[in-house]
Every structure is written in C-alpha cells, then in structure tokens.
Ligand code: URA
C-alpha cells in the first residue's frame, strides 16, 4: 500500500495532509525517514512511525453517531483543557470526527476509525447536506430569510446559499431549519451575525440521510448498515 494511503486509512489525517506530513520528513518506516509519497509499505510487516508514534491500520472499522452536548470540543486534546467529545466515548480505537461542531453547538457528530470513509464524507465535492435547528433572538422577517437563502455577505465575501425555513416565533425567539452543503468555519453563526440576530441554540440534526433521531445528549450508538450505505452512496 502507498505510504500516504496507509497513513490516511489509519486515521492520521486527510490524504492531502498526509502528503504534507510525509514531505516534511515526519514519517519513519522501519527506522528510516521516508519523504516519498508513493513509497510502498508492507502493512503486515513494516513499522511506520509519525512523530514518535507507531501507526497501525485499524483491525476493524467503527462508525458511531454521537449527540454532542454544548460545552465539548471536537478535538482529541483541547489546548484550553476543556472537555472533549472523546470524554463521552468508551472505545479503544483511535476515532476521529467527520467534520466538526463548535464548542457551543450541539447535535449530530459521526466518528470513525475509517480514514478513507471520513475523508470522503467530509470532502466538499460530495456536497453532503447538513441540517441545523436554530433558535435565535427576535422575529426573523421574510426579507432576512431571503438574504440568507441567497447568501449573506460577511466581510465582503458572499457566504454559500442556504435553505432556510422559519418554523415558529414565540416569546421573542424564532426557531428555524437551516440546511447547508458546505461546512465553512462557523458558517451558520456567521450567517445570523451578519443579519444581526444572536443565536441562542444551534443543533445539527442531520448529515445526508443520517438523522440524530432520539439519541440523548452525550449518548451515542453505532450507525446502522443502511445509514452507512447512504453516506457512502452520496
Ligand atoms: N455552523 C456553525 O456556525 N457552527 C457549527 O458548529 C456548525 C455549523
């Protein structure tokens, strides 16, 4: 197997990032530094190390959907020492999340040790739909919905268009459904900041055809065969 494929399948990083890691001379095979991306490794025999850690292909694949609560970071080691989603999961495999949610966002996160799958599902070219429930301050007007649907302008750049539906307005708060394809950094929050409404609650309820369903906050379960196939098919 090519070294860059071996590393990304092992969950080190995306294929492109793995190419960078190799080119930077951080990878050693059987004690020798290798900087050639296409270097062939024998995955059964060779000892591959990245920055002092032994890298192994997973022995079996795990695919989990988690209901991330607010107040958890989507990273293995948070530099501010905050709680992370890995504190919620009891699994010996080295898992990583398919995309991320902000610290203050809750809802659906998919985790896996299958690097190829994760890179594919997260890749912008597959345009996987992500659906959010938003609760924000104030009564959102039809004209503001139209602006968000077209793509709000943030710092001179137009954000991608979004499907936005108003669900209700009650006691000073509007509830909406927002569907986006791309996952730009803090995209939903930036859309609402741009039209001057503070988000009180942001929750992801769907990725492609996979729904959060009835999973309680902080709980997780395996993806069903059907859910898994739907993501790969997309
Ligand atoms: N958009 C955001 O602003 N935050 C998230 O966590 C996800 C989408």
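Would you confirm whether any residue within the range 212-224 is in contact (Cβ under 8 Å) with a residue 40 or more places away in the chain and within 14 Å of the ligand (Cβ to nearest atom)? Yes.
Quick grid of which residues meet (1) out of contact with any strand residue (DSSP E or B) (no Cβ under 6 Å at 6 or more places or on another chain); (2) part of a strand (DSSP E or B); (3) farther than 15 Å from residue 185 by Cα; (4) away from the ligand (no atom under 16 Å from the Cβ):
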| site | (1), (2), (3), (4) |
| --- | --- |
| 101 | no, no, no, no |
| 108 | no, yes, yes, no |
| 111 | no, yes, yes, no |
| 117 | yes, no, yes, yes |
| 125 | yes, no, yes, yes |
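Based on this model, can you work out whether residue 133 counts as within 11 Å of the ligand (Cβ to nearest atom) and under 22 Å from residue 103 (Cα atoms)? Here the answer is no, as residue 133 does not meet what is asked. May I ask you to verify whether residue 116 is touching a residue at least 40 places away in the same chain (Cβ under 8 Å), surrounded by fewer than 20 Cβ atoms within 10 Å (Cβ to Cβ) and under 22 Å from residue 12 (Cα atoms)? In short, yes.
Among the residues of the range 136-177 satisfying the criterion of being under 27 Å from the mean Cα position of the chain (by Cα) and either in the same structural domain as residue 99 (by TED's automatic domain parsing) or part of a loop (DSSP other than H, G, I, E, B) (or both), which is farthest from the ligand (Cβ to nearest atom)? Filtering first and then ranking leaves 156. Within the range 148-170, the set of residues being surrounded by fewer than 13 Cβ atoms within 10 Å (Cβ to Cβ) and modelled with pLDDT of 95 or more comprises 165, 167, 168, 170. Does residue 43 satisfy being in contact with a helix residue (DSSP H, G or I) (Cβ under 7 Å, 6 or more places away or on another chain), part of a loop (DSSP other than H, G, I, E, B) and more than 14 Å from the ligand (Cβ to nearest atom)? Here the answer is yes, as residue 43 does meet what is asked. Among the residues of the range 178-211, the ones that are outside any helix (DSSP H, G or I), closer than 30 Å to residue 114 by Cβ and within 16 Å of the ligand (Cβ to nearest atom) come to 17 in all. Please verify whether the range 200-223 includes one or more residues that are closer than 10 Å to residue 134 by Cα and over 20 Å from the mean Cα position of the chain (by Cα). Within the range 200-223, one or more residues are closer than 10 Å to residue 134 by Cα and over 20 Å from the mean Cα position of the chain (by Cα).
The values are calculated or read from the model by the stated rules, or taken from the named source; none is laboratory data. Everything quoted here is computed from the prediction, not taken from an experiment. Positions of Cβ are backbone-derived with ideal geometry, glycine not excepted, and every protein chain shown enters the neighbour counts.
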